[in-house]
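Taking it in order: structure first as structure tokens, then the write-up.
Every number in this text was worked out from the coordinates using simple rules, so none of it is lab data. Since this is a predicted model, take the numbers as computed values, not measurements. As a convention, Cβ positions derive from the backbone with ideal geometry for all residues, glycine included, and neighbour counts pool all protein chains shown.
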Amino acid sequence: MTDETKKNGPEAAAQAEKMAAAAPETAERPEADVSAAAPDPLELAKAENAELRDKYLRLAAEMDNLRRRTERDIKDAKAYSVAGFARDMLAVSDNLRRALEAIPAEARESGEAGLTALIEGVEMTERAMLAALERHGVKKLEPTGQKFDPNFHQAMFEVPNADVPNNTVVQVIQAGYTIGERVLRPAMVGVAKGGPKAAAAENETPAA
């Protein structure tokens with residue numbers, strides 16, 4: 001027994017024994033597992049790679065959409081850049097047509113050299129103008145006999161006619177034109193009122 005133990009008595013001896021018993025347990029306790037809390041570098045690399053790949057795919061999709069929009073805008077600019085000019089030229093063509101239609105039939109049949117040459121010159125000018133417009137994508141509508149379409153036709157009046165289906169274009173007042181896939185000017189038309197369907201409905205006798 002040490003001098004300190006003799007001096008302090010039984011309580012000091014008991015405290016010393018407890019400390020001696022706890023010392024081996026503390027020495028043998030393993031250190032905390034630090035690796036379990038630290039992130040795996042491989043998993044971090046995989047996550048970063050997936051994120052970069054997702055960003056790349058999004059950017060590639062956006063660039064592809066931008067390219068398509070640009071190509072479409074360029075195509076539209078080429079196709080429709082002359083729309084205003086073409087519309088003005090159609091007004092000139094209308095005047096040429098009105099001038100030709102204003103010539104009396106008797107004058108045409110008279111066969112005067114000067115008048116015949118004038119008529120032929122105006123007709124050639126009209127054809128050349130329409131041909132030039134067609135080369136730039138302007139095409140004339142031919143609605144006669146077709147079903148009325150508000151996207152391409154403008155109805156000016158109705159014509160009672162039971163020989164054709166209802167809403168059939170039977171007369172063209174002013175020619176219509178398209179440029180590319182767009183309507184440059186709708187055709188002013190007269191449409192049939194009545195027709196086979198209407199006539200059949202009128203002849204039906206109501207059931208008792």
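Go ahead and run the numbers for FRET between Glu101 and Thr70, Cβ-Cβ distance against an R0 of 41 Å, rounding to 0.05.
Computed FRET efficiency for Glu101 and Thr70 comes out at 0.35.
Net charge around Leu141, counting only other residues with Cβ within less than 10 Å of its Cβ (Lys, Arg = +1; Asp, Glu = -1)?
Working: positive: Lys139, Lys140, Arg185; negative: Glu142, Asp149.
It works out to a net charge of +1.
What is the extension gain from Phe157 to Glu48, computed as 0.36 nm multiplied by their sequence separation minus the C-alpha to C-alpha distance, in nm to one decimal?
Additional length available on full extension: 32.2 nm.
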